[in-house]
Structure formats: C-alpha cells, structure tokens
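> Questions regarding the structure given below will be posed in turn.
The values are calculated or read from the model by the stated rules, or taken from the named source; none is laboratory data. Note that the structure is predicted; figures quoted are calculated from it, not measured. Here Cβ is always computed from backbone atoms with ideal geometry, including for glycine, and neighbour counts include all displayed protein chains.
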C-alpha cells in the first residue's frame, strides 16, 4: 500500500493506493476513520485486478480541510467522489463504502452522478427504503442520540478530545463486537492522531451538522431516491449497536440486483473486525463465484470460523 496525492473537486486528497490498471475500486470510509480502515481489503482488490483507492475523505487525515458547514454538504461529498473517479481515468468503477461513506455512496449510485459497475455497502443504512414506525423511531433516538449531540457547537469536539481522545477510543470499542478486544494499539493511534489534529474533529463532525442544521436531509428527501440499477452487495456486522441489520429491510424494493450477507460476531467496523470473512464474501461476489453466507456459522474474533465448523446461530436481523 502506498500513499498518493490526488487533486479532485478543487481539493488535494490523500489516497491509499494498491494495484494498477483501468478498473478502479474506490473505497469510502466512515466516521471517525480514515482510508486506512480499508488496509485489509486493498491488497485483495489489487490481486483481483483493480486499482484500489482508499482516500481520506475531505476534512479527514491528510486530505485538505476546508472550513465552514457548507463545505461538508452532501452534494459536495458526492462531487468529491465524482472528482476522484474522473482523476483516476478509470474505464470502470466499483464503489465500496462503509458508514458515512455508505450514505454518500447510496445517494451517488441512486442519482447516477457517475457510471458505476458495482456497489458494495458495509454497515450503512439504505436511505429512501421505507418510513420507520413510531416504535422504531423511539428506538432510533436511543441509538442516534449522538447525531443530535453533534449539532451543538464546539462541545462535542471538546469532549471527544479530552485525555488524548479517550472519548473517540470508547466510540470505537463500544460499536464493535466484544469491545473490539483485538483492536491493535498501533491502529488505534493512527485514528486518534489524525482526529486530534487541529481542526480535524470539527470537520469530521460537520458532516453531521451539514445534514441536520445545514438541511442536507431535507434537500435529499426533496430530491428523492431513484432505484439503484447496478449490482449491489451489502455486508453487515450483526453486533452493530447503532446501525442494526433491520435498517436494510425492504432494500430490495430500491435495489434491482441485491445480495445481502450478515456477519455474526462482528460489529460496526465489520471490514476491520472480520477481515477474512469480509474479503471472502467480496472476492466471491466480484468474481462471480457462489457468495459464502457466514450467518450460518459462528465467527471468532479473529475473523475465522470457530474450529472450522459451521454452527447455527440465532437470526438477529430483526430489531428487538
């Protein structure tokens, strides 16, 4: 994996790169991560013949950090993706995205900002699928309280940065299965050091502020969510305490060609918590092979089947 600078949509992006060729695999990270979060997938994608790019999104890491709420509007984030695709010169693009990256990717694919060959979503909700019921909305408030908290000026940045970023570390661990016991201290430091750089936390949290205070949700709701025509794969860690798997219920009505896979014993950071399982699913789907279904076997914390034996696990894809 190497680092490159790419000029796109008027910004300088830091991009983690692996592989060569005219087929681009563009990987979008979530909050509070970096392109580094795809370190386990980039070599696989390169081996499959893709030029794999994992940029730090605008405001994150070593990518340029514009100021002001409007800079982080969803429309600008989608144009960043378009600019990166254009800068790559690729003749074919697959978009792979997690968490906040998934929000950008869903809208990007639905509105056909650029032609995509395939779409992969990891632990990201499917916007525009259905309206939640009252009980679901109440439960959602419990899970998404932080989105409202992030609307407060300056206070979230202050609390998350206290004691060397202990709040951020708790966010990583609490959204993982088993408190992410296998999280390497070196990897954690990569994220914390990037987030604690001057202005970084404000930029990262401004994604949420731009969607709520800045009216991004309202604008996208008015714009609508056209059906997604490209083949789409979703991979979901079922132990995610925030984005529960049932958020994908009904996605088939909006996605013409959808493959769903659920990963037991993995939480929100599924591609980092269970990289071997995720890579196996991804490789099979991209090469047209039968796609393994890990929901029929218990997965250990290192991302491999326990004792090599398949075990039946309860269906946890429904809330409650």
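> Taking the criterion of being out of contact with any helix residue (DSSP H, G or I) (no Cβ under 8 Å at 6 or more places or on another chain), surrounded by fewer than 24 Cβ atoms within 10 Å (Cβ to Cβ), in a loop (DSSP other than H, G, I, E, B) and at pLDDT 95 or above, would at least one residue in the stretch 27-34 satisfy it?
No, the stretch 27-34 has no match at all.
> Is it true that some residue in the stretch 260-273 is surrounded by 21 or more Cβ atoms within 10 Å (Cβ to Cβ), on the phi > 0 side of the Ramachandran plot, in a loop (DSSP other than H, G, I, E, B) and touching a strand residue (DSSP E or B) at 6+ places or on another chain (Cβ under 7 Å)?
Yes, the stretch 260-273 has at least one match.
> I need the full set of residues from the stretch 59-99 which are more than 16 Å from the chain's Cα centre (by Cα), part of a helix (DSSP H, G or I) and either under 24 Å from residue 224 (Cβ atoms) or free of Cβ contacts under 8 Å to residues at least 40 places away in the same chain (or both), in order please.
Across the stretch 59-99, the qualifying residues are 69, 70, 72, 75, 76, 79, 82, 83, 85.
> Quickly run through the stretch 104-137 and pick out the residues that are at pLDDT 95 or above and within 16 Å of the chain's Cα centre (by Cα).
Matches in the stretch 104-137: 104, 105, 106, 107, 108, 109, 118, 119, 120, 121, 122, 123.
> Within the stretch 110-120, which residues are touching a strand residue (DSSP E or B) at 6+ places or on another chain (Cβ under 6 Å) and either assigned to a loop (DSSP other than H, G, I, E, B) or surrounded by 24 or more Cβ atoms within 10 Å (Cβ to Cβ) (or both)?
Residues of the stretch 110-120 that are touching a strand residue (DSSP E or B) at 6+ places or on another chain (Cβ under 6 Å), as a first pass: 110, 116-120.
If the condition is that a residue be touching a strand residue (DSSP E or B) at 6+ places or on another chain (Cβ under 6 Å) and either assigned to a loop (DSSP other than H, G, I, E, B) or surrounded by 24 or more Cβ atoms within 10 Å (Cβ to Cβ) (or both), then 116, 117, 119, 120 are the ones that fit.
> Does residue 276 qualify as being farther than 26 Å from residue 190 by Cα, modelled with pLDDT of 95 or more and surrounded by fewer than 22 Cβ atoms within 10 Å (Cβ to Cβ)?
It is false that residue 276 is farther than 26 Å from residue 190 by Cα, modelled with pLDDT of 95 or more and surrounded by fewer than 22 Cβ atoms within 10 Å (Cβ to Cβ).
> Report the residue count in the stretch 206-224 for those that are on the phi < 0 side of the Ramachandran plot and touching a residue at least 12 places away in the same chain (Cβ under 8 Å).
Applying the first criterion (on the phi < 0 side of the Ramachandran plot) to the stretch 206-224 yields 206-214, 216-223.
With touching a residue at least 12 places away in the same chain (Cβ under 8 Å) added as a condition, the list becomes 206-214, 216, 219-220, 223.
Qualifying residue count, the stretch 206-224: 13.
> Of all residues in the stretch 213-259, count the ones that are in contact with a strand residue (DSSP E or B) (Cβ under 8 Å, 6 or more places away or on another chain), within 23 Å of residue 283 (Cα to Cα) and loosely packed, with under 15 Cβ neighbours inside 10 Å.
Summing the residues that are in contact with a strand residue (DSSP E or B) (Cβ under 8 Å, 6 or more places away or on another chain), within 23 Å of residue 283 (Cα to Cα) and loosely packed, with under 15 Cβ neighbours inside 10 Å in the stretch 213-259 gives 3.
> Looking at (1) in a strand (DSSP E or B); (2) surrounded by 15 or more Cβ atoms within 10 Å (Cβ to Cβ), which is the one condition that is false for residue 7?
With (1) in a strand (DSSP E or B); (2) surrounded by 15 or more Cβ atoms within 10 Å (Cβ to Cβ) applied to residue 7, the lone miss is (2).
> Answer with yes or no whether residue 183 is at pLDDT 95 or above, in contact with a helix residue (DSSP H, G or I) (Cβ under 8 Å, 6 or more places away or on another chain), more than 29 Å from residue 108 (Cβ to Cβ) and surrounded by fewer than 19 Cβ atoms within 10 Å (Cβ to Cβ).
It is false that residue 183 is at pLDDT 95 or above, in contact with a helix residue (DSSP H, G or I) (Cβ under 8 Å, 6 or more places away or on another chain), more than 29 Å from residue 108 (Cβ to Cβ) and surrounded by fewer than 19 Cβ atoms within 10 Å (Cβ to Cβ).
> Still on this model: Could you tell me whether the stretch 191-198 includes any residue that is at pLDDT below 95 and within 24 Å of residue 66 (Cα to Cα)?
No: the stretch 191-198 contains no residue that is at pLDDT below 95 and within 24 Å of residue 66 (Cα to Cα).
> Have a look at 176, 203 and point out the one that is touching a residue at least 24 places away in the same chain (Cβ under 8 Å), within 19 Å of residue 267 (Cα to Cα) and out of contact with any strand residue (DSSP E or B) (no Cβ under 6 Å at 6 or more places or on another chain).
Checking each option against the conditions leaves just 176.
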